[in-house]
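Student: This is the structure I have questions about; it appears just below.
The values are calculated or read from the model by the stated rules, or taken from the named source; none is laboratory data. A quick note: this is a predicted structure, and the numbers were derived from the prediction, not measured. Virtual Cβ from ideal backbone geometry, glycine too; neighbours counted across all protein chains shown. Accessible surface is based on the protein model in full, side chains and every heavy atom, while ligands, DNA and RNA are left aside. Shrake-Rupley method; radii C 1.70, N 1.55, O 1.52, S 1.80 Å.
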Amino acid sequence: MKSVKFYLPESDEFILAVEGTGDNLLHEDEEQGYVDYIMASIYKAEDYEFEMIDSPQIMLSKLVADMTQEEFEQAVLDYWGIDKNKAKVL
């Protein structure tokens, strides 16, 4: 099962992402060409607390099983429009 944790130093945010289980696709999703998804959450660190900013299901037209780890990570960053050079893998 693929997963990734990112730290974004410029914004002091953290992203956690994991491969979906595959049982959350709707028929309408499949009609639109989606075959898999990534469950992700982005958190803002403030003082000693974390606040969840967003928690999407990132829809994919390629199976996660057919993706490299790099493609998986890039799909997560692309969802939020984050430059790979501004994210550190934890």
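Student: Tell me yes or no: at least one residue of the stretch 43-51 is open to solvent by less than 100 Å² (accessible area, probe 1.4 Å), of a type in the set (K, R) and in contact (Cβ under 8 Å) with a residue 12 or more places away in the chain.
Tutor: Within the stretch 43-51, one or more residues are open to solvent by less than 100 Å² (accessible area, probe 1.4 Å), of a type in the set (K, R) and in contact (Cβ under 8 Å) with a residue 12 or more places away in the chain.
Student: Condition test on A75, is it of a type in the set (G, A, S) and modelled with pLDDT of 95 or more?
Tutor: yes
Student: Oh, and also: Just to be sure I understand, how many residues within the stretch 35-60 are modelled with pLDDT under 95 and of a type in the set (S, T, Y)?
Tutor: 1
Student: I would also like to ask the following. Identify, by number, the condition in (1) assigned to a loop (DSSP other than H, G, I, E, B); (2) within 8 Å of the chain's Cα centre (by Cα) that I15 doesn't meet.
Tutor: Just one mismatch for I15, condition (1).
Student: What residue, among those in the stretch 1-31 that are open to solvent by 60 Å² or more (accessible area, probe 1.4 Å) and among the aliphatic types (A, V, I, L, M), is nearest to S41 (Cα to Cα)?
Tutor: Taking the candidates together, the pick is L16.
Student: Residues Y43, Y79: which one is on the phi < 0 side of the Ramachandran plot and either outside any helix (DSSP H, G or I) or of a type in the set (V, I, T) (or both)?
Tutor: Y43
Student: Just to be sure I understand the filter: pairs with C-beta atoms under 7 Å, separated by 6 or more residues or on different chains, first member in the stretch 70-90 and within 16 Å of I38 (Cα to Cα), second member in a loop (DSSP other than H, G, I, E, B) and open to solvent by less than 90 Å² (accessible area, probe 1.4 Å). Which pairs pass?
Tutor: Once the first residue is within 16 Å of I38 (Cα to Cα) and sits in the stretch 70-90, its partners that are in a loop (DSSP other than H, G, I, E, B) and open to solvent by less than 90 Å² (accessible area, probe 1.4 Å) give F72/K2; L77/A87; Y79/P56.
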